[in-house]
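The values are calculated or read from the model by the stated rules, or taken from the named source; none is laboratory data. Computed from a predicted model, the values in this text were never measured in an experiment. Cβ placement follows ideal geometry from the backbone for every residue including glycine, while neighbour counts extend to all protein chains displayed.
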Amino acid sequence: MSTAPQGSGPARRSNGDRPPRVVVVGGGFAGLAAVRMLGARNVDVLLLDRNAYATFQPLLYQVATGGLNPGDVTFALRAFTSRYGNARFRRVTVTGVDADRRRVLTDTGDEIEYDYLILSLGVTANYFGIPGAEKYAKTIYTRKAALEVRDTLFSNLEAVDQNLPTAVEPVVVVVGGGATGVEMAGMLAEMRTSTLPKTYPEIDLDRVRVVLVEMTNDVLGPFAPDMREYTARELRERGVDLRLETAVEEVHKDCVVLSDGERLPSAATIWATGVRADDHLSRWGLPQGRGGRIQVKPDMRVVGHPEIFAVGDVGASTDGPLPQLAQPAIQGGRHAATQIIRLLSGMPTEPMHYRDKGTMATIGRSDAVVQFPNGLKLTGLVAWLAWVGLHIVQLTGQRNRLATLANLSVRYLTGSGRLNVIVGDPP
Ligand SMILES: Cc1cc2nc3c(=O)[nH]c(=O)nc-3n(C[C@H](O)[C@H](O)[C@H](O)COP(=O)(O)OP(=O)(O)OC[C@H]3O[C@@H](n4cnc5c(N)ncnc54)[C@H](O)[C@@H]3O)c2cc1C
């Protein structure tokens with residue numbers, strides 16, 4: 001069944017009987033930026049996502065460790081599109097594209113017609129074929145996954161406290177020393193020293209360990225060498241057992257096997273080694289490059305498909321891929337929307353010029369690293385305040401900004417160290 005507004009023939013560009021339709025697949029950083037840009041323009045915008053909400057991934061590690069609630073970092077996509085008179089939302093999983101007929105294919109069997117298509121699907125965890133990783137390791141890439149980590153961690157602490165047969169030695173292994181792994185390990189180490197002694201006084205702290213495993217000789221690869229050294233030192237001081245030049249070779253339900261032969265117990269193995277495009281994308285008939293990213297020209301149009309744009313984590317320009325971060329996604333979404341407006345006005349497209357605004361990663365309370373393109377670098381409290389401020393501003397919706405500010409303030413400013421963690425059903 002087609003959901004084309006009129007008829008079921010091939011899509012038409014703006015021809016007087018209806019405004020052109022732009023379909024945006026994926027309501028993440030890139031998709032939302034595109035919809036914002038197209039709002040109030042003379043186009044019909046249809047945003048599609050498999051979830052009814054957008055997720056602010058950079059703060060999911062706070063959800064996984066009980067500092068924030070899932071609702072603080074998610075925003076209803078219908079509420080978002082309702083801000084614009086020309087935009088609508090539909091919850092559906094996209095399963096492919098029929099580029100010749102300009103249709104998006106969906107899991108419900110519906111086909112959705114478009115004049116222009118923006119693909120902003122994001123990516124998923126890359127397990128690099130490590131045995132057991134996909135089955136047993138956990139990620140913090142989605143709201144559901146972050147909650148699963150939270151339930152696993154705190155349910156296990158309850159089991160350890162009662163010496164239940166289901167209890168696993170309270171060791172958390174974080175795999176991958178990029179920003180996600182560093183932030184997660186730093187937060188867990190902080191909980192170990194500030195929260196656990198108060199909330200789980202019966203558990204011997206020496207048994208609780210946070211191990212960060214990284215196969216290269218450094219953490220935070222894209223950062224300057226002094227920032228990487230600073231981060232490694234700070235993590236160790238905070239109690240993280242940092243294993244550099246070590247790889248995880250196997251993941252089991254309650255342990256991991258390291259490249260040096262050690263078999264580490266693990267109550268939760270958190271996978272943060274990098275990302276790749278979802279496998280199903282290979283069946284969409286679009287050109288793919290490294291990591292499965294869709295190949296786009298410098299104007300962000302998919303090679304061979306001038307009506308389709310691919311932006312954010314899922315798109316990579318043949319001119320050189322942008323980093324898979326929020327800023328390139330936001331700027332890519334805006335760029336695709338601007339090019340559609342240009343094309344509809346009879347103007348040619350322009351190449352995308354990415355403006356690097358800097359990179360940051362937090363290590364724990366009052367500690368972060370920030371690096372600007374002009375060479376300015378910040379560490380410690382100033383960097384951390386910049387990190388907190390930026391993340392709160394970037395959230396979608398006033399309610400989420402206020403809730404996050406309140407919850408992070410309780411976590412970091414009151415010094416009580418007691419988290420109001422709600423442990424769900426044991427996973
Ligand atoms: C844990 C974590 C921490 C991070 N921290 C930072 C940080 O501190 N700073 C930073 O700059 N970046 C950070 N990133 C990276 C940043 O979140 C991503 O680069 C950014 O989200 C990419 O935006 P996007 O719009 O391309 O994709 P996403 O934000 O991933 O959005 C993709 C959307 O597409 C939807 N979707 C996917 N497949 C389908 C389908 N088949 N049908 C329908 N809908 C679909 C998804 O549900 C999702 O809503 C982090 C990422 C993670 C996972």
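Numbers for the structure displayed
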{"quantity": "Residue match in the range 304-312 (condition: modelled with pLDDT of 95 or more, assigned to a loop (DSSP other than H, G, I, E, B), of a type in the set (A, V, I, L, M) and over 22 Å from Tyr61 (Cα atoms))", "calculated": "yes"}
{"quantity": "Failed criterion for Glu183 (all others in (1) modelled with pLDDT under 95; (2) within 24 Å of the chain's Cα centre (by Cα) hold)", "calculated": "(1)"}
{"quantity": "Exclusive hit being in contact with a His (Cβ under 8 Å, 6 or more places away or on another chain) and at negative phi, set Val311, Val248, Val303", "calculated": "Val311"}
{"quantity": "Qualifying residue in the range 285-303 (condition: part of a helix (DSSP H, G or I) and over 30 Å from Thr152 (Cα atoms))", "calculated": "yes"}
{"quantity": "Qualifying residues in the range 352-383 (those that are free of Cβ contacts under 8 Å to residues at least 12 places away in the same chain and not aliphatic (A, V, I, L, M)) - the one nearest to Ala34 (Cα to Cα)", "calculated": "His353"}
{"quantity": "Residues satisfying the stated conditions in the range 288-344, i.e. among the small types (Gly, Ala, Ser), more than 12 Å from the ligand (Cβ to nearest atom) and crowded, with 18+ Cβ neighbours inside 10 Å", "calculated": "Gly292, Ser317, Ala337"}
{"quantity": "Qualifying positions in the range 313-350 - within 19 Å of Leu281 (Cα to Cα) and either assigned to a helix (DSSP H, G or I) or in contact with a Gly (Cβ under 9 Å, 6 or more places away or on another chain) (or both)", "calculated": "Asp313, Val314, Gly315, Ala316, Thr318, Pro321, Gln324, Ala329"}
{"quantity": "Complete set of residues in the range 345-388 that are buried (at least 17 other Cβ atoms within 10 Å of the Cβ) and of a type in the set (Phe, Trp, Tyr)", "calculated": "Trp384, Trp387"}
{"quantity": "Condition met for Ala268 (away from the ligand (no atom under 13 Å from the Cβ) and at pLDDT 95 or above)", "calculated": "yes"}
{"quantity": "So Val173, is it crowded, with 24+ Cβ neighbours inside 10 Å and either assigned to a helix (DSSP H, G or I) or within 16 Å of the ligand (Cβ to nearest atom) (or both)", "calculated": "no"}
{"quantity": "Single residue of the range 24-61 satisfying the filter (farther than 22 Å from Thr180 by Cα and part of a loop (DSSP other than H, G, I, E, B)) that is farthest from the ligand (Cβ to nearest atom)", "calculated": "Asn42"}
{"quantity": "Long-range neighbours under 6 Å by Cβ, at least six apart or interchain, first residue touching a residue at least 60 places away in the same chain (Cβ under 8 Å) and farther than 20 Å from Arg355 by Cβ within the range 301-326, second more than 12 Å from the ligand (Cβ to nearest atom) and part of a loop (DSSP other than H, G, I, E, B)", "calculated": "Val302/Leu286; His305/Ala99"}
{"quantity": "Any hit, the range 208-219, residues being farther than 20 Å from Ala361 by Cβ and not aromatic (Phe, Trp, Tyr)", "calculated": "yes"}
{"quantity": "Boolean, Gly85 is within 9 Å of the ligand (Cβ to nearest atom), small (Gly, Ala, Ser) and either within 22 Å of Leu344 (Cβ to Cβ) or modelled with pLDDT of 95 or more (or both)", "calculated": "no"}
{"quantity": "Verdict on Thr65 being within 14 Å of the ligand (Cβ to nearest atom), free of Cβ contacts under 8 Å to residues at least 60 places away in the same chain and crowded, with 18+ Cβ neighbours inside 10 Å", "calculated": "no"}
{"quantity": "Flag if Leu235 is surrounded by fewer than 22 Cβ atoms within 10 Å (Cβ to Cβ), modelled with pLDDT of 95 or more, among the hydrophobic types (A, V, I, L, M, F, W, C) and under 26 Å from Gln57 (Cα atoms)", "calculated": "no"}
{"quantity": "Residue check for Leu220: surrounded by 14 or more Cβ atoms within 10 Å (Cβ to Cβ), assigned to a loop (DSSP other than H, G, I, E, B) and touching a residue at least 40 places away in the same chain (Cβ under 8 Å)", "calculated": "yes"}
{"quantity": "Where a residue in the range 104-128 is within 20 Å of Ile308 (Cα to Cα) and more than 9 Å from the ligand (Cβ to nearest atom) and its partner, wherever it lies, is among the β-branched types (Val, Ile, Thr) and part of a loop (DSSP other than H, G, I, E, B), with Cβ under 6 Å and at least six apart", "calculated": "Asp110/Thr3; Ile112/Thr3"}
{"quantity": "Residues satisfying the stated conditions in the range 186-217, i.e. modelled with pLDDT of 90 or more, more than 13 Å from Leu242 (Cβ to Cβ) and surrounded by fewer than 13 Cβ atoms within 10 Å (Cβ to Cβ)", "calculated": "Pro201, Glu202, Asp204, Asp206, Arg207"}
